[in-house]
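First the structure, in the form of C-alpha cells, and then the observations on it.
What follows is calculated from the coordinates using simple rules that are stated; it is not laboratory data. Everything quoted here is computed from the prediction, not taken from an experiment. All Cβ positions, glycine included, derive from the backbone under ideal geometry; neighbour counts span all protein chains shown.
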Amino acid sequence: MHGVAMEFGVRWGQNLALMHALRGIYEPFNYNRKIIGFDTFGGFPSVDPKDGDRVKEGDYGVTENYQEYLTQILALHEADSPIPHKRKFEWWPATPPKPCPAT
C-alpha cells in the first residue's frame, strides 16, 4: 500500500523518529512510504491576549539549526535500514496560516 505518514508540528522530532523506526520495522522494503514532517521550528510567531499569560511568542520553538541535527539523526537511522540510498523522510516548511479577516 502506497502512502505517506505526516506529522504537523515536529518540534524535537520524537514522534517523527518513532514513525520512521516503525516504518523500518513493519515495511523495511517499502521505499514508497515516506515520513514527512512539517514545522517552522521557530515556535509561535505571535500570540493573542485570549491565549492567556502562560504562552508567549517563540514557545514550542527549538534551538538554532535543530532541523539539520534532526535530519542527521534520521539519516543515521536510515543508513542501517534496507535500501539506505533512498531517502524515506523529508521536511516541508510549515508557514503559519494567515489570520482570517474579521467579518
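Taking every C-alpha pair closer than 8 Å and separated by at least 6 residues, the mean separation divided by the residue count of the chain gives a relative contact order of 33 percent. Dividing the helix sum by the residues of the chain, where each DSSP H run of 4 or more adds -39500 (n - 2.57), gives a mean residue ellipticity at 222 nm of -8500 deg cm²/dmol.
For the chain, the number of Lys pairs separated by eight or more positions or lying on different chains, with C-alpha atoms closer than 22 Å, is 4. Counting neighbouring Cβ atoms within 10 Å and putting the fewest first, the residues 7, 78 line up as 7, 78. Close amide H contacts of residue 40 (hydrogens built in the peptide plane, cut-off under 5 Å, sequence separation of 5 or more or a different chain): 94. In a shell of Cβ-Cβ distance under 14 Å around residue 13, excluding residue 13 itself, what net charge do Lys and Arg (+1) and Asp and Glu (-1) give? Taking every Cβ under 14 Å from that of residue 13, the sum is -4.
Note on residue 80 and residue 60: with the Förster distance fixed at 41 Å, the Cβ-Cβ geometry gives a FRET efficiency of about 0.85.
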